[in-house]
1. One residue is enough: does the range 31-51 have a residue meeting the conditions within 20 Å of Met1 (Cα to Cα) and β-branched (Val, Ile, Thr)?
2. Looking only at residues in the range 49-70 that are within 14 Å of the ligand (Cβ to nearest atom) and of a type outside the set (Gly, Ala, Ser), which one is surrounded by the fewest Cβ atoms within 10 Å (Cβ to Cβ)?
3. What are the pairs, 6+ residues apart or on separate chains, where a residue within the range 39-51 that is more than 25 Å from Asp15 (Cα to Cα) has its Cβ under 9 Å from a residue that is in a loop (DSSP other than H, G, I, E, B)?
4. Count, please, the residues in the range 75-122 that happen to be within 20 Å of Leu31 (Cβ to Cβ) and either at pLDDT 80 or above or charged (D, E, K, R) (or both).
5. Quick check, is Ala21 modelled with pLDDT of 90 or more and either on the phi > 0 side of the Ramachandran plot or in a loop (DSSP other than H, G, I, E, B) (or both)?
6. Considering only the range 34-51, state which residues are polar (S, T, N, Q) and under 26 Å from Ser90 (Cα atoms).
7. Which of the residues belonging to the range 71-82 are touching a residue at least 12 places away in the same chain (Cβ under 8 Å) and either away from the ligand (no atom under 16 Å from the Cβ) or part of a loop (DSSP other than H, G, I, E, B) (or both)?
8. Any chance you could count how many residues in the range 10-48 are surrounded by 14 or more Cβ atoms within 10 Å (Cβ to Cβ), over 12 Å from the mean Cα position of the chain (by Cα) and of a type in the set (A, V, I, L, M)?
Amino acid sequence: MTGAFGTIANNGSADITLVSATAAAAGRTELHETITTAGGQQAMRAKEGGFTIPAGGTLTLAPGASHIMLMDVSAPLRAGDDVTLTLTFSDHSTVGFTARVKDFSGANETYTGSSPSAGGGMGATASASSMGMDH
Ligand SMILES: [Cu+2]
């Protein structure tokens, strides 16, 4: 398993919801949120209904917070590899972006990235993407 992180901006004039994501490198992709359990542990679970991004706002996907989980990864991902993800929004628009694979240990790293990719009827734009290994 690995996680994909980044910032998604909604440049449109209406709220939009990220409802699903797919990646060619992964057999299964889920939208996860991180919660704190009653026992104080951090746990992640599938985010029902997806992530809503307010008009003019951004969604930050980060280690220890909301993220895209890649499961059943078909081939080993090595640092420096590029992984293409496709994000699907509630208005049926899609945005593709490329994430650079990085070695990952701990949740305190600062991620920066590139590869902005525009698209989508609502003007949603994914940018600053990166991936963490060994999530
Ligand atoms: Cu997860």
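1. Yes, there is a match, as at least one residue in the range 31-51 is within 20 Å of Met1 (Cα to Cα) and β-branched (Val, Ile, Thr).
2. This residue is Pro63.
3. That search, which allows pairs on different chains as well, returns Gln42/Gly64; Gln42/Ala107; Ala43/Thr37.
4. 19
5. No.
6. Looking only at the range 34-51, we keep the residues that are polar (S, T, N, Q), and these are 34, 36-37, 41-42.
Correct list: Thr34 only.
7. First pass over the range 71-82, keeping only residues touching a residue at least 12 places away in the same chain (Cβ under 8 Å): 71-75, 77-82.
Of everything in the range 71-82, those that are touching a residue at least 12 places away in the same chain (Cβ under 8 Å) and either away from the ligand (no atom under 16 Å from the Cβ) or part of a loop (DSSP other than H, G, I, E, B) (or both) turn out to be Ser74, Ala75, Leu77, Arg78, Ala79, Gly80, Asp81, Asp82.
8. Total satisfying the criteria: 4.
The values are calculated or read from the model by the stated rules, or taken from the named source; none is laboratory data. Because the structure is a prediction, the values reported are computed rather than measured. Positions of Cβ are backbone-derived with ideal geometry, glycine not excepted, and every protein chain shown enters the neighbour counts.
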